[in-house]
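Engineer: This is the structure I have questions about; it appears just below.
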Amino acid sequence: MEEIKMVREERKQLEWTRQQLLRKGKDLLAQNRHRRNQARDSWKKKYFETKKTTAPLEEHLRNLRQELQLFHNKVLHQLQAREKARRQGRSSEKNELIIQIMKESYEVDNLKRKVEDAKMKLITEIKLRKQAATELRDLKTELSQKKNQSAPSWMDWKHNVGQSTSLKQLLHRRQEDCSS
């Protein structure tokens with residue numbers, strides 16, 4: 001009888017320890033999930049704040065570029081008008097070179113701007129993709145953890161059945177010892 005009591009006490013102690021470990025595991029999972037959510041939310045908050053401030057800045061930049069283009073066109077027209085005035089007398093190669101240089105430098109600046117814009121878009125897309133991949137990995141981890149949490153109930157049942165048979169065997173042996 002004392003063996004049975006000891007086994008029961010040991011089983012109660014093991015079940016209590018198991019429950020404590022499960023609670024601790026759930027708490028750690030909740031803390032981890034909370035930290036992940038906070039990191040994701042702070043990143044999203046920064047992203048959307050930056051996105052809000054970007055629109056007015058882009059509008060201002062667009063206006064400045066239009067002014068620059070108008071200025072560039074004005075200078076080109078002045079140079080071309082000067083060229084036309086000189087053509088009546090003689091052609092100025094220097095003026096033609098200046099016009100050509102201005103056109104080429106303007107085109108180079110436009111190409112640089114387009115490359116910069118493409119780089120910025122690429123960097124943004126990469127960051128968004130990394131964030132999405134991280135969230136997907138976290139969700140998969142969370143899903144597998146939830147699956148594992150639901151699986152122990154089946155394992156517990158098998159374990160309890162196994163223990164109950166061992167208790168039955170102990171009781172049976174004890175009865176045999178008493179009868180003999």
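The values are calculated or read from the model by the stated rules, or taken from the named source; none is laboratory data. None of the values given here were measured: they were computed from a predicted structure. Cβ coordinates were reconstructed from backbone atoms using ideal geometry, including for glycine residues, and neighbour counts include every protein chain displayed.
Engineer: Are there any pairs with C-beta distances below 7 angstrom linking a residue in the stretch 91-119 that is over 19 Å from residue 72 (Cβ atoms) to a residue that is not aliphatic (A, V, I, L, M), with the two at least 6 apart or on different chains, and if so which?
Structural biologist: If the second residue must be not aliphatic (A, V, I, L, M), the pairs left are 92/83; 92/86.
Engineer: Just to be sure before I move on: is residue 20 over 18 Å from the mean Cα position of the chain (by Cα) and of a type outside the set (Lys, Arg) in the structure I sent?
Structural biologist: Values: over 18 Å from the mean Cα position of the chain (by Cα): yes; of a type outside the set (Lys, Arg): yes.
Criteria met by residue 20.
Engineer: Kindly indicate whether residue 85 is small (Gly, Ala, Ser) and modelled with pLDDT of 90 or more. I'd like the intermediate steps shown before the answer.
Structural biologist: Values: small (Gly, Ala, Ser): yes; modelled with pLDDT of 90 or more: no.
So residue 85 does not fit the description; no.
Engineer: Using the structure shown, decide if residue 43 is among the aromatic types (Phe, Trp, Tyr) and at pLDDT 90 or above. Spell out how you get there, then give the answer.
Structural biologist: Values: among the aromatic types (Phe, Trp, Tyr): yes; at pLDDT 90 or above: no.
It is false that residue 43 is among the aromatic types (Phe, Trp, Tyr) and at pLDDT 90 or above.
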